[in-house]
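This report refers to the structure that appears directly beneath it.
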Amino acid sequence: MRCPFCGSGDTQVKDSRPTEESAAIRRRRICPDCGGRFTTFERVQLREITVVKRSGRKVPFDRDKLLRSVEIALRKRPVDRERIDRMVSGIVRQLESTGEPEVASSMIGEIVCEALRGLDPVAYVRFASVYRDFREASDFQEVLTEIAQGNGAGQKPYGQNTVE
């Protein structure tokens, strides 16, 4: 593993431990050249997934991009990091288990919306507003009405809901 600070290719693992219910391994590393410390994660990847954008363009699936978008929706919300990681891992497993090498970006967006709806209603509205490209206040009102009428309120935490 190359050091992100000095670029040295000779780093040493100081500590390894399982994370995300043993779905990943967290490794603490140190660079003997510059003394820099950093963390890496090792996860099983069942298959390569290609995302088909609305424009038809195809790009490789990026777990980190998914995590960043979920973190933005959950910014300043009282949700533990562990629950976020479990949710993202669940979404990735769900995408991998479809068996399809190509997945539409709209499918990913819907899966994320459903997961966030069960995790945090405010984050769900935030994500939906970007994903569904809200342009007017009435767009927000529709989603809030949907939540208030029970199509999102009182759901079990993510991982206990089934998403189709």
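The values are calculated or read from the model by the stated rules, or taken from the named source; none is laboratory data. Worth saying up front: this structure is predicted, and the values here are computed from it rather than measured. In this analysis, Cβ positions are derived from the backbone assuming ideal geometry, glycine residues included, and neighbour counts consider all displayed protein chains.
Structure values in brief
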read-out	value
Single match in GLY9, GLY36, GLY56 (criterion: without any contact (Cβ under 8 Å) to a residue 12 or more places away in the chain, out of contact with any Ser or Thr (no Cβ under 7 Å at 6 or more places or on another chain) and outside the structural domain of CYS113 (by TED's automatic domain parsing))	GLY9
Residues of the stretch 130-164 satisfying the condition of being modelled with pLDDT of 70 or more, of a type in the set (Ser, Thr, Tyr) and either within 17 Å of the chain's Cα centre (by Cα) or within 16 Å of GLY118 (Cβ to Cβ) (or both)	TYR131
Scope the stretch 43-94; condition out of contact with any helix residue (DSSP H, G or I) (no Cβ under 7 Å at 6 or more places or on another chain) and of a type in the set (A, V, I, L, M); matching residues	VAL44, VAL59, ILE72
Lone qualifier among ASP33, ASP15 - being among the acidic types (Asp, Glu) and in a loop (DSSP other than H, G, I, E, B)	ASP33
Failed condition for SER55, given (1) more than 22 Å from ARG117 (Cβ to Cβ); (2) modelled with pLDDT under 90; (3) of a type in the set (S, T, N, Q)	(2)
2 or more residues of a type in the set (D, E, K, R) and in contact (Cβ under 8 Å) with a residue 60 or more places away in the chain: qualifying helices (runs of 4 or more DSSP H) within the stretch 63-121	81-97
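Rundown of residues vs (1) among the polar types (S, T, N, Q); (2) in contact with a strand residue (DSSP E or B) (Cβ under 9 Å, 6 or more places away or on another chain); (3) within 27 Å of ILE84 (Cβ to Cβ); (4) surrounded by 10 or more Cβ atoms within 10 Å (Cβ to Cβ), yes/no style:
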| position | (1), (2), (3), (4) |
| --- | --- |
| PRO4 | no, yes, yes, yes |
| SER22 | yes, no, yes, no |
| ARG28 | no, yes, yes, yes |
| THR39 | yes, yes, yes, no |
| VAL52 | no, yes, yes, yes |
| ASP64 | no, no, yes, no |
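A quick yes/no check of all residues on (1) more than 12 Å from ILE49 (Cβ to Cβ); (2) surrounded by fewer than 19 Cβ atoms within 10 Å (Cβ to Cβ):
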position	(1), (2)
GLU71	yes, yes
VAL103	no, yes
ILE108	no, no
LEU119	yes, no
ALA128	yes, no
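One line per residue, one yes/no per condition, for (1) under 17 Å from the mean Cα position of the chain (by Cα); (2) within 20 Å of GLU100 (Cα to Cα):
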{"site": "ILE49", "(1), (2)": "yes, yes"}
{"site": "VAL52", "(1), (2)": "no, yes"}
{"site": "SER55", "(1), (2)": "no, yes"}
{"site": "LEU66", "(1), (2)": "yes, yes"}
{"site": "ALA73", "(1), (2)": "yes, no"}
{"site": "ASP80", "(1), (2)": "yes, no"}
